[in-house]
1. Which value in deg cm²/dmol, rounded to the nearest 500, describes the helix-derived mean residue ellipticity at 222 nm for the chain, given -39,500 (n - 2.57) per DSSP H run of n ≥ 4 and division by the residue count?
2. Sort Asp63, Asp12 from largest to smallest accessible area, using a 1.4 Å probe on the heavy atoms of the protein chains.
3. Would you mind working out the magnitude of the charge dipole of the chain relative to its Cα centre, with +1 at each Lys and Arg C-beta and -1 at each Asp and Glu C-beta, to the nearest 20 Debye?
4. For Glu126 and Ser60, what is the calculated FRET efficiency with R₀ set at 22 Å and r taken between the beta-carbons, to the nearest 0.05?
5. What percentages make up the Cα-Cα pair-distance distribution of the chain when the bins are 5 Å wide from 0?
6. First compute the accessible area of the chain with a 1.4 Å probe, then give the percent of it belonging to carbon and sulfur atoms.
7. May I have the pair-distance distribution P(r) for region 144-185, computed from all Cα-Cα distances with 10 Å bins from 0 and rounded to whole percent?
8. Angle, helix 105-120 long axis vs. longest principal axis of the chain, Cα atoms, 0 to 90°, nearest 10?
Amino acid sequence: MKARYFYALRPDADAARQLGALAARLAASLGGRPLSAGDVHLTLVFVGERPVDDEATLASLLDGLAPRWPEMPLTRLGTFGRGLFWAGPASPRGTPEGDSGTLAWPAQLAERLQQRLRDTGIAFDERALHLHATLVRGARRDARSPLAPFADALPIESGSWTLALGCSDAGSTPLRRYRWRDAPR
């Protein structure tokens, strides 16, 4: 049996509720399937389909990483082509880069996870990090749909973000698309 795995940041409960409400509002206007509040997340590394027997190894790669991460407001709405609408931080990498040119903390965290995957010999999607929280999939309207009427919902502030391993499998439903294993405290 196989499942699809990824590492992500999950917003606090209040921000998740706000994002779930925004997703429902977008879907009511644009069509499509909104993600539920419990499913909204920012993907850091997409691993892809793996045998479920690999889940313990994938979860162990979270060991030693901070389980909670600082505030990062979601201030933008956008779309990836037809049918997928999202909310994201001001910078696609998360918080702006510092004066020293170092990467923002989400990008640094993603790089640490990628290195752990490489060291373990587990393949993953190596596309550039573009932090976003998918809100709606399968919308009937395309990228030309105006998002300005929904901007009143922003910014959405999460007081902290929780690092987790996410999984979608045969048990996924529209009300609970993902299973989560949070980083150990």
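1. Numbers: 3 runs with 40 residues, N = 185.
Result for the chain: -7000 deg cm²/dmol, rounded to the nearest 500.
2. Asp63, Asp12
3. Values: 24 positive and 20 negative charges, 146 e Å.
About 700 debye.
4. Details: r = 21 Å, r/R0 = 0.96.
The computed FRET efficiency comes out at 0.55.
5. 1, 8, 16, 20, 20, 17, 11, 5, 1, 0
6. Values: 4650 of 9020 Å².
Its accessible area is 51 percent carbon and sulfur atoms.
7. 20, 27, 35, 17, 1
8. Between the helix axis and the principal axis of the chain, the angle is about 40 degrees.
The values are calculated or read from the model by the stated rules, or taken from the named source; none is laboratory data. Note that the coordinates shown come from a computational prediction; the quantities given were computed from them, not determined experimentally. In this analysis, Cβ positions are derived from the backbone assuming ideal geometry, glycine residues included, and neighbour counts consider all displayed protein chains. Ligands, DNA and RNA are stripped out before the accessible areas are found, and what is left, the full protein with its side chains, is counted by its heavy atoms. Shrake-Rupley method; radii C 1.70, N 1.55, O 1.52, S 1.80 Å.
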